[in-house]
Amino acid sequence: MEKLLKEEMQGTALEISGKSKNARKLYIESYGCQMNFSDSEIVASILTEEGFNTTQQMEEADLILVNTCSIREKAEVTVRKRLEKFNAVKKDRPHIKVGVLGCMAERLKSKLLEEEQIVDMVVGPDAYKDLPNLVREVDDGQQAVNVILSKEETYGDVSPVRLGSNGVTAFVSITRGCDNMCTFCVVPFTRGRERSRDPQSILQEINTLWEQGYREVTLLGQNVDSYLWYGGGLKKDFEKASPLQQATAVNFAGLLDQVARAQPGMRIRFSTSNPQDMTLDVIDAMARHPNICNYIHLPVQSGSDRILKAMNRLHTRREYFSLIDAIRERIPDCGISHDMIAGFPGETEEDHQLTLSLMKYVKYDFGFMFAYSERPGTLAARKLADDIPDPVKKRRLREIIDLQQKHSLYRSQQHLGRLEEVLIEGDSRKSDQHWMGRNSQNTVVVFPKEHYKPGDFVLVRIEDCTSATLLGTAVEYSDKR
Ligand code: SAM
């Protein structure tokens, strides 16, 4: 299932080497999307300058932070249980301060602080630079809150410390917020409007990562295809920019070109793409640059036009197929994955069958699949009854997952006998005699270690597979880099 739902990172407490003069300890746990894990690295960087080193032992912490997710109800329930645990630790060590960061901070604001009084500090995703002040306020015995959403903040000037890093692959944030207003999604409310980060600061971060030995970066955003740098500011204000700003703006295809050329030895990935914003230019840039991986995460959410419309996804099933065809035509061996929601309000059995038939057309390499969870404040919660009974949602989700398992196995089998370039990330989960890495399509490859080491690009002959993993033998170093 690892390929389908990547749960193992949820709630991990991250540790980095700090500064020897730092006297206080920070324990930081992260939940939710990769963006949150990336944000925790920014938070750790800011607090390292404020006298904190990270620890993985919550009992020895002076400050406990939890970077939270609101995307589904289950995510919020998990965090609430953790807050109870933190408060139990606090009873023994009353000087400990507890803070909530991220999407739940934005969504629940004063509820957590004033009504329930289970935290000392509440900090929204655009307010991390205010942490030094907020920490001082809680040190003085006050409660502290900053949940202001910004028009400009991209943290482009903060060098993130790489928490829990394998030293080989890193995430680089390129946009923040989202303007898409999918009716099921809480992100535009918790992370604000969309803005893009200065390409120069992106290139600088990637150059530094290369010098530090990193060999793969994933460019991150809620909707990377919508990237647009015109000197700063919200995407929606682009029309108000000067003619010069508009003429010299950099879009996502332009950014990919710049990044791929700046570090030709570095593998480039990106996530997440949105079908309504992905252009042929982006696919062409991928096809042009051998160091951009042949993999696209292209959530569709449903296979039914009626449901896509109700979700405010601004494309049809037919348009999605055209995009898939264009990808396969330009990059025949491109790995493609999806996000899917089962049981959106009003979803009929026929709609569900359309989802399954869409999956059969694409035969995705892997997918992230969810039962619909009503989120307060979203348009769907305000306008549409959550009317699909739980057992029906669960059964439809099961059918989607089962079909995906079959397709994942089918896709894995297509790699058998091939010689594939793999970037070694570290020990395989099951054996310290084997390396684990990924091929260009983002599928995990496991093979005996021999004389190779993490960070090496190796050609591996694929000899066996499961639906989630390819197994093989290293043949030689890859000379593509
Ligand atoms: N920005 C991306 C997009 O729009 O395709 C991904 C956003 S979200 C962080 C990741 C996934 O969570 C979504 O693609 C969707 O499948 C799922 N999701 C979001 N809101 C949901 C909800 N209310 N119930 C169930 N799943 C949800």
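The values are calculated or read from the model by the stated rules, or taken from the named source; none is laboratory data. Source: prediction; values computed, not measured. Reconstructed Cβ throughout: ideal geometry from the backbone, glycine too, with neighbour counts over all protein chains shown. Calculation scope for accessible area: heavy atoms of the full protein, side chains included, ligands and nucleic acids excluded. Shrake-Rupley method; radii C 1.70, N 1.55, O 1.52, S 1.80 Å.
Values as computed for the structure displayed
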read-out: At R0 = 51 Å, FRET efficiency that the Cβ-Cβ distance of residue 237 and residue 325 yields, to 0.05; value: 0.90
read-out: Long-range amide H partners of residue 98 with built H, under 5 Å; value: 64, 120, 121
read-out: Fraction of beta bridges assigned by DSSP in the stretch 348-481 that are antiparallel (%, nearest 5); value: 90 percent
read-out: Global size of the stretch 288-381 as Cα Rg and Dmax, reported in angstrom; value: 14.4, 44
read-out: For the stretch 235-335: rounded, prolate or oblate by the Cα gyration tensor [a/c cutoff 1.5]; value: oblate
read-out: Relative packing of 302-311, 383-392, which averages over residues the other C-beta atoms within 10 Å, highest first; value: 302-311, 383-392
read-out: Residue-wise HN-Hα coupling along the stretch 254-263, computed from phi with Karplus coefficients 6.51, -1.76, 1.60 (Hz; x: Gly, Pro); value: x, 4, 4, 4, 4, 5, 5, 6, 5, 9
read-out: Expected 222 nm ellipticity per residue - DSSP helices of 4 or more, -39500 (n - 2.57), all of the chain, to 500; value: -10000 deg cm²/dmol
read-out: Residues with amide H under 5 Å from that of residue 228, placed H, sequence gap 5 or more; value: 196
read-out: Relative contact order for the chain, counting Cα pairs under 8 Å that sit 6 or more residues apart, in percent; value: 10 percent
read-out: Cα shape, the stretch 126-172, gyration tensor, a/c 1.5 rule; value: oblate
read-out: Cys with no candidate disulfide partner in the chain (beta-carbon separation under 4.7 Å rule); value: 33, 69, 103, 178, 293, 334, 465
read-out: For the stretch 66-96 and the stretch 242-293, distance of Cα centres in Å; value: 39 Å
read-out: Bins of 5 Å from zero: percent of alpha-carbon pairs in the stretch 360-481; value: 2, 11, 17, 15, 12, 10, 9, 8, 7, 6, 3, 1
read-out: Heavy-atom surface of the chain, accessible at 1.4 Å and reported per residue (Å²); value: 42 Å²
read-out: Dipole magnitude of the chain about its Cα centre (Cβ charges: Lys, Arg +1; Asp, Glu -1), debye to nearest 20; value: 520 debye
read-out: In Hz, Karplus ³J(HN,Hα) per residue of the stretch 354-370 (6.51, -1.76, 1.60; θ = phi - 60°; x = Gly, Pro); value: 5, 4, 5, 6, 4, 4, 5, 5, 7, 6, 4, 5, 7, x, 10, 10, 9
read-out: Residue-wise HN-Hα coupling along the stretch 315-325, computed from phi with Karplus coefficients 6.51, -1.76, 1.60 (Hz; x: Gly, Pro); value: 8, 9, 4, 4, 5, 5, 4, 4, 5, 4, 4
read-out: Shape parameters for the chain, alpha-carbon atoms, Rg then Dmax in Å; value: 22.4, 64
read-out: Residue 470 long-range amide H proximity, modeled H, under 5 Å; value: 444, 445, 446
read-out: Segments 451-462, 330-341 sorted - mean Cβ within 10 Å per residue, highest first; value: 330-341, 451-462
read-out: Virtual spin-label span in nm between residue 360 and residue 434, 7 Å along Cα→Cβ; value: 3.3 nm
read-out: Viscosity 1.567 mPa s, 4 °C: Kirkwood-radius Stokes-Einstein D of the stretch 90-208 over Cα pairs, µm²/s; value: 80 µm²/s
